[in-house]
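Step one of this worksheet: look at the structure below.
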Amino acid sequence: MQTGSIRIRHRHTWPTRGLTALLATTLVLASCGVDDGVVDAAVGLPTSTSDSPSPGDTTDDTAELDIPLDTAPGRTETTVDTDTSGTAVIPTAVTSVPESAGAWGEVIVLIESFWDENFAAFAGSGTFTPLDRDRIVAVEDATTDLPDCDFAQIGTVDVEDNALAAACSEGQLIVWDDDDLFAELFQDFGTTGPTVVLAHEMGHAVQYQAGALRNSTLVVEQQADCLAGAYAAWATDRRISPFDSAAALDSAVGATVSFRDHPGASAAASDAHGSGFDRVRAFQDGFDRGVGYCGQYGDIGLPITEFPFQDQEDADTGGNLDFEALIDLVNPYFDALFATRHNEWPGMTISEEQLDGWRNAHAQIGDNATGTAMALMFAKRLQILEGAQSEGEGALLQQACLAGAAFAPLIFEDAELTPLAGLSLSPGDMDEAVLTMIRIVETNQDRLDDGFLFEAVAALRTGFTQGFDSCGI
């Protein structure tokens, strides 16, 4: 904790429900900025120093990362609708399928139908103008040129491993790397990965039409994430693929985290997109609250968790404390903190078996994998002491909320709730908390419903932003 997140160098594809890849990705960050009405909304692509295994394969690294879920087989329902019955309600198309979009043309048409219905709710007035059909382009390896864009001067090299939107004198333009970026997103996250990216990029086109590009780059990018989440909710309500399945929401969390900035990046940087934790928050804001709330992003204070390392030593270690050092610092912190929630808090002793189970997660994900596992353990003890349900999905959601509340004082510097001076979250630590929740869900996927990851991360951020009282205990 005292700073950061390790960078894992081996990239894995997702088995079954797709929750492994994020534990093993590094990111190539592409520039993104707002300049004279031009948005270069680049999407970072996880890269690898080794070949990815086939879907469903398991390497020694991930096999040792299992984090058991200490709950009974019985489970309570999440708030995500997992009923996949019913017929999709496909809206009347307001545009034709752009042939230049390749296999993703019908997704583009659906997103534009969404904006035909919702533009005024975002912009306050007006109507959405669909992009010219030949200016929505899936760029393949054989592509030698792109539609003209004199302001941005976009070439095929700019699109390699990227997706971007630009406002040009010839008309708005959305392009993406179809052979590499979208192929890998499809492999890792199914159709959800490319769909989320296209909804994000179309969000930038809408921002331009609405005159909503006056905010910082970070706000512009996270507002586009928010708009992508709003599209996902619209598609979920209408049972439109891929959001006709709650599993797509879990994949959306994974895809969104994979686009995060490198830990230690500055939120004020001209190419800032945001931490994984913050970008998932933005997506879930849109899903829960709609485009009207996304439209307020320039006026409300977003709870940003992206900040630089404190010094070079911190950066050199990736902000990670040694395993034993972290236990020695965090265990008394959680003991003191949870004692404020229960008058007869007995203190927690961590067994050697528990320590052994956390070591590999600590090394693979980062030091806050250990912190998250500990926070969930302390949260469960609080449930037991309070006589609350401590087993099943509902209990785990509450544990995630309590874990988020326990982390908040370590970043917001609440002196009243921070008993130990010198302990603080580092850049990337809340991303590590999300990655740990991903790993827990994957390890226990036979016992958890589709959509549970989406709910668990929402609970984590609820506790983080609203505190213990929001967790209902």
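The values are calculated or read from the model by the stated rules, or taken from the named source; none is laboratory data. Keep in mind that this is a model prediction, so the values were computed, not measured. Note that each Cβ is placed from the backbone with ideal geometry, even for glycine, and that neighbours are counted across all protein chains shown.
Residues checked against (1) over 23 Å from Pro308 (Cα atoms); (2) touching a residue at least 40 places away in the same chain (Cβ under 8 Å); (3) crowded, with 24+ Cβ neighbours inside 10 Å:
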residue: Gly190; (1), (2), (3): yes, yes, no
residue: Thr195; (1), (2), (3): yes, yes, yes
residue: Arg214; (1), (2), (3): yes, yes, no
residue: Asp244; (1), (2), (3): yes, yes, no
residue: Leu249; (1), (2), (3): yes, yes, yes
residue: His262; (1), (2), (3): no, yes, no
residue: Ser270; (1), (2), (3): no, yes, no
residue: His273; (1), (2), (3): no, yes, yes
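The condition (being over 27 Å from Gly126 (Cβ atoms) and either touching a Leu at 6+ places or on another chain (Cβ under 6 Å) or among the basic types (Lys, Arg) (or both)) is satisfied by just one residue among Arg239, Arg289, Arg214: Arg239. Is segment 131-142 home to any residue that is of a type in the set (D, E, K, R), under 28 Å from the mean Cα position of the chain (by Cα), at pLDDT 90 or above and surrounded by 22 or more Cβ atoms within 10 Å (Cβ to Cβ)? Taking every residue of segment 131-142 in turn, none turns out to be of a type in the set (D, E, K, R), under 28 Å from the mean Cα position of the chain (by Cα), at pLDDT 90 or above and surrounded by 22 or more Cβ atoms within 10 Å (Cβ to Cβ). The residue that is surrounded by the most Cβ atoms within 10 Å (Cβ to Cβ), among those in segment 310-357 that are without any contact (Cβ under 8 Å) to a residue 60 or more places away in the chain and polar (S, T, N, Q), is Asn331.
So which helices (runs of 4 or more DSSP H) are wholly in segment 115-218 and hold at least 1 residues that are polar (S, T, N, Q) and more than 22 Å from Ser241 (Cβ to Cβ)? Talk me through it step by step, then tell me what you get.
Details: elements: 156-159, 183-189, 192-210.
Where helices (runs of 4 or more DSSP H) fall fully within segment 115-218 and carry at least 1 residues being polar (S, T, N, Q) and more than 22 Å from Ser241 (Cβ to Cβ), they are 156-159, 192-210.
The set of residues in segment 358-371 being in contact with a helix residue (DSSP H, G or I) (Cβ under 7 Å, 6 or more places away or on another chain) and either within 18 Å of Ser470 (Cβ to Cβ) or surrounded by fewer than 19 Cβ atoms within 10 Å (Cβ to Cβ) (or both) consists of Arg359 alone.
Per this entry, Gly404 is not counted among residues that are more than 21 Å from Ile327 (Cβ to Cβ) and either modelled with pLDDT of 95 or more or outside any helix (DSSP H, G or I) (or both).
Starting from residues that are aliphatic (A, V, I, L, M) and outside any helix (DSSP H, G or I), keep the ones in segment 249-296 and report whichever is nearest to Phe186 (Cα to Cα). Break it down into steps so the answer makes sense when it comes.
To start, the set of residues in segment 249-296 that are aliphatic (A, V, I, L, M) comprises 249, 252-253, 255, 257, 265, 267-269, 272, 280, 282, 291.
Next, from what is left, pick out any that are outside any helix (DSSP H, G or I): 265, 267-269, 272.
Details: Ala265: 27, Ala267: 29, Ala268: 31, Ala269: 29, Ala272: 25 Å.
Ranking the candidates gives Ala272 first.
So which residues in segment 143-155 are polar (S, T, N, Q) and either buried (at least 20 other Cβ atoms within 10 Å of the Cβ) or within 21 Å of Trp104 (Cβ to Cβ) (or both), if there are any at all? Once the filter is applied, which keeps residues that are polar (S, T, N, Q) and either buried (at least 20 other Cβ atoms within 10 Å of the Cβ) or within 21 Å of Trp104 (Cβ to Cβ) (or both), segment 143-155 yields Thr143, Thr144.
Exactly one residue out of Phe338, Phe309 is more than 28 Å from Phe114 (Cβ to Cβ) and at pLDDT below 95: that is Phe309. For first residues located in segment 105-125 and at pLDDT 95 or above, partners that are among the aromatic types (Phe, Trp, Tyr) and assigned to a helix (DSSP H, G or I) and lie 6+ apart or on another chain with Cβ distances below 7 Å form the pairs Ile111/Tyr231; Phe114/Tyr231; Phe114/Trp234.
Please tell me if Ser390 is surrounded by fewer than 17 Cβ atoms within 10 Å (Cβ to Cβ) and hydroxyl-bearing (Ser, Thr, Tyr). Walk me through it before giving the result.
Numbers: surrounded by fewer than 17 Cβ atoms within 10 Å (Cβ to Cβ): no; hydroxyl-bearing (Ser, Thr, Tyr): yes.
No.
Contact map, segment 450-473: residues that are in a helix (DSSP H, G or I) paired with residues that are among the acidic types (Asp, Glu), Cβ distance under 7 Å, separation 6+ or inter-chain. Pairs shown: Phe452/Glu393; Leu453/Asp250; Phe454/Asp250. Just to be sure I understand the filter: pairs with C-beta atoms under 9 Å, separated by 6 or more residues or on different chains, first member in segment 83-95 and farther than 15 Å from Ala235 by Cβ, second member among the β-branched types (Val, Ile, Thr) and at pLDDT 70 or above. Which pairs pass? Partner pairs satisfying both residue conditions: Val94/Val109; Thr95/Ile108; Thr95/Val109.
Give the residues of segment 163-188 that are under 18 Å from Ala224 (Cβ atoms) and within 18 Å of the chain's Cα centre (by Cα), sorted by residue number. Answer for segment 163-188, where residues must be under 18 Å from Ala224 (Cβ atoms) and within 18 Å of the chain's Cα centre (by Cα): Ala163, Leu181, Phe182, Leu185. Whether any residue in segment 445-456 is modelled with pLDDT of 90 or more, charged (D, E, K, R) and surrounded by 21 or more Cβ atoms within 10 Å (Cβ to Cβ) is what I want to check. Yes, the conditions are met somewhere in segment 445-456.
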